[in-house]
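**Q** First the structure, which I've put down as structure tokens, then a few questions once you've had a look.
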Amino acid sequence: MPWVNIEASVRANPPRERERREVEDFVRRGAKPRFYADENFPSVATECLRRLGADVVTVKEARLTGHPDENHVAEALRLGRILITCDRDYLDERRFPLIGCPAIVVCDFGSGTAGEIFDTFDCLGGAFRAPQFYDKWIKIDAKRDGWTEFARFRNGSTSRTRQRVYGGKIQEWIKVTTRANSAGGRRMAGGPFC
């Protein structure tokens, strides 16, 4: 089974004591996530974020309507906010590399009903629990049925993980490796997110 509950994954590979204390400290502070909503982000979704308790500044409120995407990245980075958008151009790693960007969340709300918006926001659980970890070096491609996180770490390494909420639990897509032949070749089993 390629989907594994995150809790099982954490039990199998627990964080170091220092990391655990840092997360607990951030959660205890109760900070609110801070977002910068670009022009492509619907006002109904902005209101949903605010109802969830987020601090949201829109492009209109920042008086940057009509500015290029690069200006919105710079403004979100300057303000220390998560850039939230429906513009898939922000996922272009050549134009917006992880190393030079704020945290970016690109949403696909489907037809845009309140239910679909809230389903898409499942990916923001970490940002609501410990927003300090979502200041930069992460991009989230959020859809109604799950999300993909692209992250860069302090040591320079990067990761890509596929997650979803199923049965009220967060699950992660795990790559399954099998023997392809006796010569030791490998093939990857699974779906498009391997």
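Any read-out appearing in this document is the output of simple, stated calculations on the displayed coordinates, not a laboratory observation. Note that the structure is predicted; figures quoted are calculated from it, not measured. Backbone-built Cβ (ideal geometry, glycine too); neighbour counts: all protein chains shown.
**Q** From Cα pairs below 8 angstrom and at least 6 apart in sequence, can you work out the relative contact order of the chain, rounded to a whole percent?
**A** 20 percent
**Q** Just want the ordering: THR148, THR85, from fewest to most Cβ atoms lying within 10 Å of their own Cβ.
**A** Fewest-to-most ranking of THR148, THR85: THR148, THR85.
**Q** Also: Step through the residues of region 120-136 one at a time and calculate ³J(HN,Hα) from phi using the Karplus curve (6.51 cos²θ - 1.76 cosθ + 1.60, θ = phi - 60°), rounding each to whole Hz and writing x for Gly and Pro.
**A** Karplus-based 3J(HN,Hα) across region 120-136 equals 5, 6, 3, 5, 8, x, x, 5, 7, 7, 9, x, 4, 7, 10, 8, 6 Hz.
**Q** Also: As an exercise, use a Förster radius of 35 Å and the Cβ-Cβ distance of ARG95 and LYS169 to find the FRET efficiency, rounded to the nearest 0.05.
**A** 0.50
**Q** Calculate the dipole size of region 36-164 relative to its Cα centre from +1 charges on Lys and Arg beta carbons and -1 charges on Asp and Glu beta carbons; express the result in debye to the nearest 20.
**A** Computed charge dipole of region 36-164: roughly 460 debye.
**Q** Given H placed on each backbone N at 1.01 Å, which residues far from ASP87 in sequence or on other chains put an amide H within less than 5 Å of it?
**A** Long-range HN contacts for ASP87: CYS107.
**Q** While we're here: Starting from the Cα-Cα distance between ARG129 and ASP145, subtract it from 0.36 nm times their residue separation and give me the gain in nm to one decimal.
**A** Full-extension gain reported as 3.7 nm.
**Q** Same structure again: Give a quick list of GluC sites (Glu not before Pro) in region 1-99 that DSSP marks as loop, anything other than H, G, I, E or B, with at most 13 other Cβ atoms within 10 Å.
**A** Answer in residue order: GLU61, GLU93.
**Q** Summing -39500 (n - 2.57) over the DSSP H runs of n ≥ 4 in the chain and dividing by its residue number, what mean residue ellipticity at 222 nm do you reach, to the nearest 500 deg cm²/dmol?
**A** -7500 deg cm²/dmol
**Q** Residue by residue, what Karplus-based ³J(HN,Hα) values in Hz, rounded to whole numbers, does region 13-26 have, using 6.51, -1.76 and 1.60 with θ = phi - 60° and x for Gly and Pro?
**A** For region 13-26, the Karplus-derived couplings read 9, x, x, 5, 4, 4, 5, 4, 5, 4, 5, 4, 5, 4 Hz, x marking Gly and Pro.
**Q** May I ask you to sort ARG164, ARG21 by Cβ crowding, counting other Cβ atoms within 10 Å and putting the fewest first?
**A** In order of increasing Cβ crowding within 10 Å: ARG21, ARG164.
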